[in-house]
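Here's the structure we're looking at; comments come further down.
The values are calculated or read from the model by the stated rules, or taken from the named source; none is laboratory data. Remember, predicted model here, so these are calculated numbers, not experimental data. When we count neighbours, we look across all protein chains shown, and the Cβ atoms used for this are built from the backbone with ideal geometry, even at glycine.
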Amino acid sequence: AMPRASQAVSLADAALPLQLIREHSRTELVEILESHAGRILLVVDAQLISLLGSLLTDSRAEFEKHGVVKIVELGSEPDLALAAAGSSAPDHWVFLARPSVPHVLLVTRHVQEAQRIYPGLRATIYFAPCKSSLCEKVLEHEGVAEVVDIGELPLDLVPVERDLLSMELPYAFRETKLEGDMLSIEPVCRSILKMQKLFGVVPNVKGIGPLAKLIASKICAVRVEDRQRGLQDSLSTSIAGLLFIDR
């Protein structure tokens, strides 16, 4: 049986048309599934299962419609994933996971075991919300980089309530504050730019704190570049201002 996923909350009474964000993310997920013809065995990071359910009204039916025959939690032992695949090999193994070393190591265990039973099998891992060069190095170190394709599932704006969006960056604080890695800033900027594509350009963008100011300046810089290239979107009629505050 497929792991239980939470169902999508109704956004009918939301202050903003958040359904646009949900539909955008849903389209990206469907495009990933439809890019793999045939039977798909979907191996999903446990933290992402509920998020996928939040995008789909009936997650079980939606997944089956797009070729998914089984969903297995990434934390499961590899032999459980192989048993879930049935008597014949799936056409594609698709992994959805966070870009963290522990998750990538779990993926390599699944792939190595799958290769032992199904020689020649290829797999694809989609990192959510973005790829990580460190994770790619782990795949190389574990000897599976040649059989694992890499992509992204940008679940970077997820409506979890009518008045709450999550960027789904659980490691951002540790990476930026403790490790000094600024890569987490890029998906934040991408999320805001996506929102402005859907709702219009926010006229006032400000930040409180060094990281918040950096993000605000990057977003404003993109606006200036778009204006110079004649690509400026219209101003938002629903969002008057955007304030970033460092944690």
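Miscellaneous remarks
- Filtering the stretch 198-247 to residues that are among the charged types (D, E, K, R) and either surrounded by 12 or more Cβ atoms within 10 Å (Cβ to Cβ) or touching a residue at least 60 places away in the same chain (Cβ under 8 Å) (or both) leaves Lys206, Lys213, Lys218, Arg223, Asp226, Arg227, Asp233, Asp246, Arg247.
- Residue list for the stretch 132-149, filter: at pLDDT 85 or above and either under 9 Å from the mean Cα position of the chain (by Cα) or surrounded by 15 or more Cβ atoms within 10 Å (Cβ to Cβ) (or both): Cys135, Glu136, Val138, Leu139, Glu142, Val144, Ala145, Val147, Val148
- Some residue of the stretch 192-201 being of a type in the set (S, T, N, Q) and in the same structural domain as Arg39 (by TED's automatic domain parsing): no
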